[in-house]
1. Could you please find all residues in region 78-95 being polar (S, T, N, Q) and in contact (Cβ under 8 Å) with a residue 60 or more places away in the chain?
2. Going through region 148-178 one residue at a time, which ones are more than 20 Å from Leu221 (Cβ to Cβ) and open to solvent by less than 30 Å² (accessible area, probe 1.4 Å)?
3. Show the residue pairs meeting these rules: Cβ distance below 6 Å; 6+ apart or different chains; first residue within region 151-171 and at negative phi and touching a residue at least 24 places away in the same chain (Cβ under 8 Å); second residue surrounded by 18 or more Cβ atoms within 10 Å (Cβ to Cβ) and aromatic (Phe, Trp, Tyr).
4. Condition (residue is at pLDDT below 75, over 22 Å from Tyr166 (Cβ atoms) and assigned to a helix (DSSP H, G or I)) applied to region 54-64: is it met by at least one residue?
5. Do we find a residue being under 30 Å from Gln141 (Cα atoms), open to solvent by 80 Å² or more (accessible area, probe 1.4 Å), at pLDDT 80 or above and not aliphatic (A, V, I, L, M) anywhere in region 23-42?
6. Please find, among Leu235, Leu199, Leu252, Leu244, the residue that is aliphatic (A, V, I, L, M), at pLDDT 90 or above and either farther than 22 Å from Ile123 by Cβ or part of a helix (DSSP H, G or I) (or both).
Amino acid sequence: MLLPDPHDQQALTDLRAWQQRMQRKPTLLNRFTRLVQARLNALLPEKLHRILTATIQKMVEGVLFGSQHTTRQPVSEGSLAEREARVRARIRNYRNAATVEGGATGAAGFLLGLADFPLLLGIKLKLLFDIAALYGHDVRQLSERLYLLHIFQLAFSSQHTRRETYRQLADWPATEATATAETFDWRTFQQEYRDYIDLAKMAQLLPVVGAAVGAVANYRLLAQLGETAIMAYRLRWFAGARELPPAPPVVLPE
């Protein structure tokens with residue numbers, strides 16, 4: 001009998017629905033927003049783009065190569081339901097920490113509001129390390145850290161980039177065979193991340209409302225990342241259950 005556990009049945013149903021959302025073609029609004037963002041990015045000097053890319057790359061790599069030493073060993077036993085109960089508890093803990101951090105830096109004014117960017121980035125990446133371990137993956141391996149990068153990009157990208165990133169995760173064995181830190185597209189990573197959070201985070205720098213905006217924005221960003229990570233690791237969990245039928249191809253209208 002396939003998927004006798006009710007949690008697994010619901011998890012697979014939710015995963016299928018999520019797969020369809022990830023593969024949808026960009027809407028007219030998505031395309032318009034992407035066009036506007038591309039034109040705004042084109043106004044920035046090329047030197048600034050290189051600086052931003054290098055800065056975010058170093059920040060992310062610093063967390064990726066530092067957090068592996070403080071992350072727990074991969075959990076080797078437990079059902080999907082047991083693992084995901086722990087994952088969701090961990091998401092709540094990190095989400096609460098990010099909410100407090102966003103409120104504090106937002107209330108403190110412009111300069112500390114700017115400091116929220118690297119602080120929040122570190123919280124997000126550390127959450128991904130913990131989630132990976134709870135699903136049984138060893139983040140000391142470079143390939144697992146690259147998988148985390150793809151999850152991060154999937155969570156905070158336009159629909160155009162999200163579709164391509166989803167394809168890479170859905171066919172991870174093929175992606176893993178050629179993926180390296182050097183070949184990862186850091187420029188797209190930083191542009192998509194900045195474009196995704198700009199509107200939410202810019203208001204955090206404003207006086208009076210900064211604290212509330214920072215708290216709410218961080219809460220939502222952590223929740224978004226957590227749910228994306230759950231679905232990404234369900235992809236691998238169910239791919240390892242050979243008795244499961246493959247996901248049907250998704251053909252969606254424009």
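The values are calculated or read from the model by the stated rules, or taken from the named source; none is laboratory data. Because the structure is a prediction, the values reported are computed rather than measured. Here the Cβ positions follow ideal geometry from the backbone for every residue, glycine too, while neighbour counts run over all protein chains shown. Areas reflect the complete protein model, heavy atoms only, side chains present, ligands, DNA and RNA absent. Shrake-Rupley method; radii C 1.70, N 1.55, O 1.52, S 1.80 Å.
1. Filtering region 78-95 down to residues polar (S, T, N, Q) leaves 79, 93.
Matches in region 78-95: Ser79 only.
2. Hits for region 148-178 are Trp172, Thr175.
3. Gln153/Phe189; Phe156/Tyr193; Phe156/Tyr196
4. no
5. Going through region 23-42, the residues under 30 Å from Gln141 (Cα atoms) turn out to be 23.
Restricting the remaining residues to those that are open to solvent by 80 Å² or more (accessible area, probe 1.4 Å) gives none.
So far as region 23-42 goes, no, none of its residues is under 30 Å from Gln141 (Cα atoms), open to solvent by 80 Å² or more (accessible area, probe 1.4 Å), at pLDDT 80 or above and not aliphatic (A, V, I, L, M).
6. Details: Leu199 fails: at pLDDT 90 or above; Leu252 fails: at pLDDT 90 or above; Leu244 fails: at pLDDT 90 or above.
After ruling out the rest, the residue left standing is Leu235.
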